[in-house]
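What follows is a short report on a single structure.
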Amino acid sequence: DKPLTIPALLAMKARGEKIATLTAYDAAFAAVMDAAGVDLILVGDSLGMVVQGHSGTLPVTLDQMVYHAACAARGVRRAVLAADLPFMSYASIGQALDSAARLVREAGVQMVKLEGGRKRLEVVRALAGEDIPVCAHLGLLPQSVHKLGGYLVQGRDERAAQTLLEDAILLQEAGANLLVLECIPAALAGEITAALSIPTIGIGAGPACDGQILVCYDMLGITPGHRPKFSKDFLAGADGVAGAVRCYVAEVREGRFPGPEHSF
Ligand code: KIV
Ligand code: NA
C-alpha cells in the first residue's frame, strides 16, 4: 500500500471511513500495527505510564519522546506517524516550535500533538504557520491532572460541554489538522465531530468520532493495574498480537468498537 498522508486522513472523514489509531513506542509494535492496517500511529506520552511505570505523563521528557518516536518511525511504512509534545515542552511559541522541530527532524514524525483548548491557539497557529501538522487534544488532559483533580470524565455539565465545543472550533480555525477527544460523553463527542471538518479521534468518547485510539498495551490486556472502562482486550480470543491488532482495526472500521459499555 502506498503511504498515507494527513490530507488522506481528512479525505477519510469526508468519505465516512473510520480512522484506526493506536499508540506505539518502538519499532516492533509500530511495524505490526502498520502491517495490520492501522492508519495513524501515535507515540504518546502515555509511555510514562506503560513503559516507564510512572503514575502519569508529567515525568516524560522531550528527549524521551524523540527517542521513542525515532524508534517507532523505523517500523512504519504506510501509517501516518504522530508524537506527543510532552508536559512543558510547548509553554511558549518559541519552545513549541523548537520542540516540534526536534520531533520532525530527529525522529521523523509527520505530526505533533498537544493538549488544551483556547489557551493553545497561538501555539497551534505558530506550528501551522510553519506547516507542521498539529493534532489537538481536548477533554481529559493527562498533562493537567493536578488541575483537573484526577483522571475524570470531562464535559458532563452544559457549560463545560459548550466550552469544549467552542474550543474544538477555535482549534480547527487556528489550523489544527486533527483532534483527539478523551473521556467525554458520547453525545458531546458526536456533536463536536459533526461541527468540524477535521477528523476527531476518540478514546472514551463514544462511537461517533471519525476514528478511535487506544493505548496499545491496554488493547492487548497487558497494562499493569486496572484497565480503563473505555478499553477492550483484543488479544483475548485473538490469534496473537498481529491478529489482535487486525481485529481492532476491523472493529473500528465497521463501527463495532467502541460499544455502549466502553462509552460515557
Ligand atoms: O499519550 C497517549 O497515549 C495519548 C492518547 C491516549 C490519545 O495521548
Ligand atoms: Na498523550
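The values are calculated or read from the model by the stated rules, or taken from the named source; none is laboratory data. These numbers were taken from a predicted model, which means no experiment stands behind them. Glycine gets a Cβ as well: all are built from the backbone with ideal geometry, and neighbour counts include every protein chain shown.
A few remarks follow.
- Long-range neighbours under 6 Å by Cβ, at least six apart or interchain, first residue under 17 Å from residue 41 (Cβ atoms) within region 3-21, second among the basic types (Lys, Arg): 3/78; 4/78; 18/253
- Residues of region 185-216 that turn out to be within 28 Å of residue 30 (Cβ to Cβ), out of contact with any Ser or Thr (no Cβ under 6 Å at 6 or more places or on another chain) and of a type in the set (A, V, I, L, M, F, W, C), as a count: 5
- Which listed residue is away from ligand 1 (no atom under 16 Å from the Cβ), surrounded by 18 or more Cβ atoms within 10 Å (Cβ to Cβ), more than 16 Å from the chain's Cα centre (by Cα) and touching a residue at least 24 places away in the same chain (Cβ under 8 Å), from 125, 102, 118: 102
One line per residue, one yes/no per condition, for (1) away from ligand 2 (no atom under 14 Å from the Cβ); (2) within 27 Å of residue 247 (Cα to Cα); (3) in contact (Cβ under 8 Å) with a residue 12 or more places away in the chain:
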| site | (1), (2), (3) |
| --- | --- |
| 34 | yes, yes, yes |
| 44 | no, yes, yes |
| 48 | no, yes, yes |
| 51 | no, yes, yes |
| 62 | no, no, yes |
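- Extreme residue, surrounded by the most Cβ atoms within 10 Å (Cβ to Cβ), among residues of region 162-183 that are in contact with a strand residue (DSSP E or B) (Cβ under 7 Å, 6 or more places away or on another chain) and either at pLDDT below 95 or not aliphatic (A, V, I, L, M) (or both): 177
- Residue list for region 126-162, restricted to those being closer than 27 Å to residue 47 by Cα and part of a helix (DSSP H, G or I): 126, 127, 128, 142, 143, 144, 145, 146, 147, 148
- Residue pairs meeting the criteria (Cβ under 7 Å; at least 6 apart or on separate chains; first farther than 11 Å from residue 230 by Cα, in region 183-209; second surrounded by fewer than 19 Cβ atoms within 10 Å (Cβ to Cβ) and of a type in the set (D, E, K, R)): 185/156
- Residues in region 210-264 that are within 16 Å of ligand 2 (Cβ to nearest atom) and of a type outside the set (Val, Ile, Thr): 211, 212, 214, 216, 217, 218, 219, 228, 230, 231.
This table checks each residue for (1) more than 21 Å from residue 176 (Cα to Cα); (2) not hydrophobic (A, V, I, L, M, F, W, C).
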| site | (1), (2) |
| --- | --- |
| 12 | no, no |
| 48 | yes, yes |
| 54 | yes, yes |
| 60 | yes, no |
| 68 | yes, yes |
| 74 | yes, yes |
| 86 | no, yes |
| 101 | no, no |
